[in-house]
Amino acid sequence: MTPSFRLLAKRRFLPLFVTQFLGAFNDNLFRTAMIMLVIYRIYNDPAQEAAFSAVAGGLFILPFFLLSALSGQLADCHDKAQIIRIVKTAEIGIMVFGAAGLLLHNVPLMLVALLSMGVHSTFFGPIKYAILPQHLEEDQVLPGTGLVEAGTYIAILMGTIAGGIISAEHAAIGVLLVAALGWLAGRQVPPAPPMVDDAGVDFHVVRSSIKLVSDTMHVRRLFLAILAISFFWAQGAILAAQFPPLVKNVLGADQNVATLFLAIFSVGVAIGSIAVNRILQGAVSARCSPVAALVMGAFVCDMWWTAHNWPDPAGALHNLSTFLDMAGSTRVMIDLLGIAIAGGMFVVPLYAFLTTTVSKAQTARTVAANNIVNSGAMVAATLILAGMVHMGVSVAETLLIVAVASLGAAWLAWLLHKACD
């Protein structure tokens, strides 16, 4: 086994990896099953469907704005393993509501569960990165971060596919079973006590959020790292929002092709997350990130060119086999894989950087501040995208905008590399 995969044989890493994997899988199993149920069996009106999608997206990301500061403080002031056990116990209760919503076709119940899963993810998010420097050696933090990131994307892929192909009734059973398995895995995470005495927690969410971001962002190296990561997630938000209309309205293909795109993207990020550790040989460094951002931009630019010159769709949507026989389909898939691999290579060292360049007593707060800024960047990118679409900007043209934005991500990563490496 490579040094990265050897970590999976260690108790100080494997339970956390499994807990994170099952959590990401369950999130996407529930969300996908809910969306399929609402769109195809409950609603039959485009306006209602659009409103539901907007409300669902907003509810899931809202806790990251409101509660990230609180989650970071709690994680730094208390045993992180104990918080994991509390959070995973709560997940079982949350999924009782979610399963009931799926079985009863009750939209309010499902939205309550979705909001609660957002809260669950908000409190677990800082821990999954901040606990690594406590449990791993310094040269194991980067490979550990890469494995967590790779596992997350594989779990997203598997959960999304499962949620799309099984019935709501089977999904209701599935989310409860996975939540129970996550609870069992979470109980195996070794203790991770606070590195400093409890200095108190500010429960005023607005004040604590502003203070947390301010205290973190005034440090130049953290400012650059968080901005670079936020650039990445802003680009990712635009790409994720544009994949469905790109597949349907530009490439003229059906949802099976969209699923293939998701699979390629998830596998690509996982490959990039593991590969960057081999290149950096375990060292936490931003030196690969500028090149990775430029490579990602080049692949996005090539995808824009292919989409821009794609023949106008006519007639029924292409199924998977028909699409694969079309000229240019291989080029599109290679571009997508290249974007994903480069994206994984770009962002993983930056996450490892966040957790290793601050004291272990501040890691969860740092990750929480990063989550707040990232969430803001994703919302801003989505709003900008909506405005561009309203002004008549095509899907292909938004890809070109993402390609240009890669220059900004590369520049920020280069500044970070020069400042810190």
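The values are calculated or read from the model by the stated rules, or taken from the named source; none is laboratory data. Source: prediction; values computed, not measured. Reconstructed Cβ throughout: ideal geometry from the backbone, glycine too, with neighbour counts over all protein chains shown. Ligands, DNA and RNA are excluded from the accessible area calculation, which covers all protein heavy atoms including side chains. Shrake-Rupley method; radii C 1.70, N 1.55, O 1.52, S 1.80 Å.
Summary table below
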| read-out | value |
| --- | --- |
| With all protein chains modelled, accessible area of Y43 [1.4 Å, Å²] | 50 Å² |
| Percent carbon-and-sulfur accessible area, the chain, ignoring ligands, DNA and RNA, probe 1.4 Å | 68 percent |
| Heavy atoms of L227: accessible area, 1.4 Å probe, square angstrom to 10 | 50 Å² |
| Equivalent ellipsoid semi-axes - Cα gyration tensor, region 71-132, angstrom | 27, 10, 7 |
| Heavy atoms of C420 accessible to a 1.4 Å probe, total area in Å² rounded to 10 | 50 Å² |
| Quotient of Cα Rg and 2.2 N^0.38 Å for the chain, N being how many residues it contains | 0.95 |
| The chain: most fluctuating residue of D302, D325, D215 per GNM, C-alpha cutoff 10 Å | D325 |
| Most mobile listed residue (V276, V250, V55) in the chain, GNM with C-alpha springs under 10 Å | V55 |
| Rule-of-thumb Rg ratio for region 270-421 [Cα; 2.2 N^0.38 Å; N residues] | 1.23 |
| Solvent-accessible area per residue, Å², over the chain with all protein chains present [probe radius 1.4 Å] | 42 Å² |
| Lysine pairs meeting the criterion (Cα under 26 Å, 8 or more apart or interchain), as found in the chain | 14 |
| Hydrodynamic radius (Kirkwood) for region 84-230, which is based on Cα pairs only, to one decimal in Å | 18.0 Å |
| Relative contact order, percent, region 296-404 [alpha-carbon distance under 8 Å, six or more residues apart] | 50 percent |
| Residue-averaged 222 nm ellipticity for the chain, from DSSP H runs of 4+ at -39500 (n - 2.57), nearest 500 | -27000 deg cm²/dmol |
| Chymotrypsin sites (Phe, Trp or Tyr not before Pro) lying in DSSP loop within region 199-304, provided at most 12 other Cβ fall within 10 Å | F203 |
| Amide proton proximity set for H318, modelled H, under 5 Å, gap of 5+ | A253, D254 |
| Sequence-separation-based contact order of region 39-187, relative, with Cα cut under 8 Å and 6+ spacing, percent | 34 percent |
